[in-house]
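Right, one structure below, let's go through it.
The values are calculated or read from the model by the stated rules, or taken from the named source; none is laboratory data. If you're wondering where the values come from, they're calculated on a predicted model, not measured in any experiment. Using ideal geometry, Cβ is built from the backbone for each residue, glycine included, and neighbour counts are taken over all protein chains shown.
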Amino acid sequence: MCYVIGVKVPKKQTIQLGDTPLELDPIDISVQSGFSYNPWPVIYKEDNALRPGLMHWELIPHWTRNQKELIESRKKYTTLNIKSEGIFSNKVAQAVVHTNRCLVLASHFFEWQQIEKEKYPHLISIKESPLFYIAGVWNTWTNQNTGEIKNSFGIITTEANSLMSKIHNVKKRMPTILDENLANTWVNENLNDAQILELAKHQIGDHKMSAYTVAKNFQQIENSCEKVEYKIFTPQTLF
């Protein structure tokens, strides 16, 4: 799955998606868990225009009427991630996947490799891409008690490629990472079901990925992205 990610845009910069230049403000989040339910930077299309912005990470079910019901719904299921294979049967995502697709910005993400009873966290990034795109879907939710309006999103995941199958070796999932051309198609084109599913299930090549182990408590320390080696691994057994 994909529940812990990081992003770094060191200074204000302009990126290009298709014919659209987009200005990104600086941001530096080494690590954020989706279960903190804090905002995250995305690119989305609204009123026929692409724009960057912050959204609540968790595709909020449209039938939840207020914060209390939302918290209760989390006890039954999570909508931080949406499985690509079930995107048209997912009760939350199916309502917006044809109209509200977005790109989640990231510089790296984290997953755990299980060896016997121990779990070893890895930081995974994309070679030569300090910033990359993860496919997502989004919606707009209104708290009927307070009137608060909130945009929310979920990350789409796909089956793990060969590298991620070794790292995320229990559930064998990974985020759907799209290159610039595919990312532009995901947010800008009118796609049919087959095209949506093909993109949602896309697997980035493992040769484009880089990974190393980090501290087991990386979410609680300052240098969360620092490489940490474990004696259990050797160059022959790591991947």
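Residue count for the stretch 4-16 under the criterion of being touching a residue at least 60 places away in the same chain (Cβ under 8 Å) and in contact with a Leu (Cβ under 6 Å, 6 or more places away or on another chain): the result is 3. You will find that of SER125, SER73, the residue that is under 17 Å from the mean Cα position of the chain (by Cα) and under 30 Å from ASN217 (Cβ atoms) is SER125 and no other.
In the stretch 56-82, the qualifying residues are those that are outside any loop (DSSP other than H, G, I, E, B) and among the β-branched types (Val, Ile, Thr), and the one that is surrounded by the fewest Cβ atoms within 10 Å (Cβ to Cβ) is ILE71. Of all residues in the stretch 69-95, those satisfying the criterion of being touching a residue at least 24 places away in the same chain (Cβ under 8 Å) and either more than 25 Å from LYS171 (Cβ to Cβ) or among the aromatic types (Phe, Trp, Tyr) (or both) are PHE88, ALA95.
Reported count of residues in the stretch 28-48, each being touching a residue at least 12 places away in the same chain (Cβ under 8 Å) and closer than 21 Å to ASN188 by Cα, is 6.
Of all the listed residues (LYS171, LYS216), the sole one being in contact with a strand residue (DSSP E or B) (Cβ under 8 Å, 6 or more places away or on another chain), among the basic types (Lys, Arg) and in contact (Cβ under 8 Å) with a residue 24 or more places away in the chain is LYS216.
Only one of the listed residues (ALA200, ALA194) is at pLDDT 95 or above, within 17 Å of the chain's Cα centre (by Cα) and not polar (S, T, N, Q). That residue is ALA200. For the stretch 4-55, a residue qualifies if it is more than 22 Å from LEU182 (Cβ to Cβ), out of contact with any strand residue (DSSP E or B) (no Cβ under 6 Å at 6 or more places or on another chain) and in a loop (DSSP other than H, G, I, E, B), and the qualifying residues are PRO10, LYS11, LYS12, ASP25, TYR37, ASN38, ASP47. Quick one: would you say ILE196 is of a type outside the set (Asp, Glu), crowded, with 16+ Cβ neighbours inside 10 Å and farther than 18 Å from ASN81 by Cα? The answer is no for ILE196. Among residues that are in contact (Cβ under 8 Å) with a residue 60 or more places away in the chain, within 12 Å of GLY136 (Cα to Cα) and not in a strand (DSSP E or B), HIS98 is included.
Screening GLN94 on (1) surrounded by 14 or more Cβ atoms within 10 Å (Cβ to Cβ); (2) in contact with a strand residue (DSSP E or B) (Cβ under 9 Å, 6 or more places away or on another chain) shows it passes everything except condition (2).
Of all the criteria given as (1) free of Cβ contacts under 8 Å to residues at least 60 places away in the same chain; (2) among the hydroxyl-bearing types (Ser, Thr, Tyr); (3) under 27 Å from GLU118 (Cβ atoms), the one not satisfied by THR157 is (1). Of all residues in the stretch 150-183, those being over 18 Å from PHE35 (Cα atoms) and of a type in the set (A, V, I, L, M, F, W, C) number 9.
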